[in-house]
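Asks: Supplied in C-alpha cells, the structure appears directly below.
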Amino acid sequence: MEPSERIERRLERSLFAARWLMAPFFIGLVIALAILLLKFFQELWHVVPTMFSVTSGSIILAVLSLVDLTLVASLLLMIILAGYENFVSRIETEEIADRPEWMGHVDFSDLKLKVVSSIVAISAIQLLAAFLEIDEVDFETLMWLIILHLTFVVSGVFLALMDWIAGLGNKKH
C-alpha cells in the first residue's frame, strides 16, 4: 500500500471516528429530558391541589401546559434516539419487545419533518392557551402568536414539499 493510500485511510478513519463527538450532545439532551420530567411533575403538583377550586378554563390551561411539556419531551426523545442512530451508532434493541416501530427507520429527512410538525403542534397549543385567556391577552401578543403559528405551518408545508420534490428526483436516478 502506498503512503498516500495509508494517509487517506487514516484520515477517513479519523473522520468516521469523529462521529463519537456527537455522543455528549445526546447525553446532554437526556439530561434536558430529565429536567422536562421534573418540570412536568412540578406543574402537575401545582394543578392537583387546586383542581376542585379553580375554573374549568384554568384546568384546561394547566392540562395544555402538561400536554405541551409531553410533546416537547416526546420530540426530544425522538431526536435523541433517531439522531444517535443516524449520526453515531446503531442502537441494538431488536430483542426488546416494546422497541418503538420507528426506531431504525427515521432518517434525517423524517426527523426534520417530525420536528417541524411537533413545533406546529406546540405552537397550536400556545395559541389555544392564548385564546382561552383572550380577556388577558393583548391584541399585539395574539397577533404575533398567530403570525408565528402560521409561519411554522407554512415552513412545515414547504419542508414537506421540498422533501417530496427531492424524493421525485431520487426516483429518477
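Asks: Among the residues of segment 40-77, which ones are in contact with a helix residue (DSSP H, G or I) (Cβ under 6 Å, 6 or more places away or on another chain) and loosely packed, with under 13 Cβ neighbours inside 10 Å?
Replies: Scanning segment 40-77 gives a single hit, Gly57.
Asks: For residues that are small (Gly, Ala, Ser) and modelled with pLDDT of 85 or more, tally how many sit in segment 130-169.
Replies: Number of matching residues: 4.
Asks: Here is a further query. Going by the conditions given, is Ala97 free of Cβ contacts under 8 Å to residues at least 60 places away in the same chain, aliphatic (A, V, I, L, M) and either surrounded by fewer than 15 Cβ atoms within 10 Å (Cβ to Cβ) or closer than 30 Å to Phe131 by Cα (or both)?
Replies: Yes: the conditions hold for Ala97.
Asks: Criterion first (crowded, with 17+ Cβ neighbours inside 10 Å and either within 20 Å of the chain's Cα centre (by Cα) or among the acidic types (Asp, Glu) (or both)) does Ile27 satisfy it?
Replies: Values: crowded, with 17+ Cβ neighbours inside 10 Å: no; either within 20 Å of the chain's Cα centre (by Cα) or among the acidic types (Asp, Glu) (or both): yes.
No; evaluated as a whole, the condition is false for this residue.
The values are calculated or read from the model by the stated rules, or taken from the named source; none is laboratory data. Bear in mind that the values here come from a model prediction, so they are computed numbers and not experimental data. Cβ atoms come from the backbone with ideal geometry, glycine included; neighbour counts cover every protein chain shown.
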